[in-house]
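*Asks:* A single structure is presented below for examination.
Taken together, the values in this text are just the output of simple stated rules run on the coordinates, not laboratory data. Bear in mind the structure is a predicted one, so any value in this text is a computation, not a measurement. Counting neighbours? That spans all protein chains shown, and the Cβs are built from the backbone with ideal geometry, glycine included.
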């Protein structure tokens, strides 16, 4: 029993001893396109990476991750990226890409490049697969798991990473300053933001899976401070996200509901 407990503790420690901040890389994918990790994260994207051997045992994990990431394509178009990486860069790109295609695994990019290293995140722990979720303004690691992936935990990590990104403005004249108060909330909460010129605005309440719960507002708004009160009495306790799209800028803020 002591050996089992010790082994468990060592595994847990390994999750935290290694980088809790992403390690930057610039790598060329299997179709010859360059990718710089921090450029993607600074653009407000979340990057999910799965390393595989590849082999038959790797199919369920890679397929689960690909399907989970695709689930965000409608609610957060272009924001969540899935990179499929050969574990030790000793498999040719053609083999890795062919393996993914044959098993209906659809990453945003395939890589066989040792610069994208599992060692930066604690290694594989003897597993043939490893998955991490990276995102946020601080380039944080939101998920770091060897082997089997739990869909709910992966979804939570991706959603938290999206919420940790302040949003990138495509128009320098636009500033939102989105905030919510109070949070936690039990009955009502208010969101506040500011726009500096007339623009189309869409505000939605999302659950932790990235699914829309309510459409709060959609239409043209004029410059100035904006405030909306949201009644949360009918919502189940838990974590939600308020997402606003305005003039090419997307911002998300977390809302906790308690009763």
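*Asks:* With Rg and the Kirkwood Rh both taken from Cα atoms, where does Rg over Rh land for the chain? Don't skip to the end; give the middle numbers.
*Replies:* Details: Rg = 20.1 Å, Rh = 19.7 Å.
With Rh from the inverse mean 1/r over Cα pairs, Rg/Rh is 1.02.
*Asks:* Right, something else. Checking the a/c ratio against 1.5 first, then a/b against b/c, what shape does the Cα gyration tensor give for the stretch 13-89?
*Replies:* Working: a/c = 1.25, a/b = 1.07, b/c = 1.17.
Taking the square roots of the gyration eigenvalues as a ≥ b ≥ c, the stretch 13-89 is rounded.
*Asks:* Within 10 Å, count the other beta carbons around each residue, average over each peptide in 83-95, 115-127, and list them highest first. Walk me through the intermediate numbers first.
*Replies:* Working: 83-95: 18.2, 115-127: 16.6.
Top of the packing list down: 83-95, 115-127.
*Asks:* Let me ask something else about it. Using the Kirkwood formula over every pair of different C-alpha atoms, what hydrodynamic radius in Å results for the stretch 179-257? Before the final figure, lay out the partial values.
*Replies:* Values: mean 1/r = 0.0782 Å⁻¹.
One over the average 1/r among Cα pairs gives 12.8 Å for the stretch 179-257.
*Asks:* Would you calculate a helix-derived [θ] at 222 nm for the chain, using -39,500 (n - 2.57) for each DSSP H run of n ≥ 4 and dividing by the full residue count, to the nearest 500?
*Replies:* Value at 222 nm, helices only: -6500 deg cm²/dmol.
*Asks:* Next question, about the same structure. Taking square-rooted eigenvalues a ≥ b ≥ c of the alpha carbon gyration tensor, is the stretch 26-165 rounded, prolate or oblate, where a/c under 1.5 means rounded and, failing that, a/b exceeding b/c means prolate?
*Replies:* Details: a/c = 1.40, a/b = 1.30, b/c = 1.08.
In terms of gyration-tensor shape, rounded.
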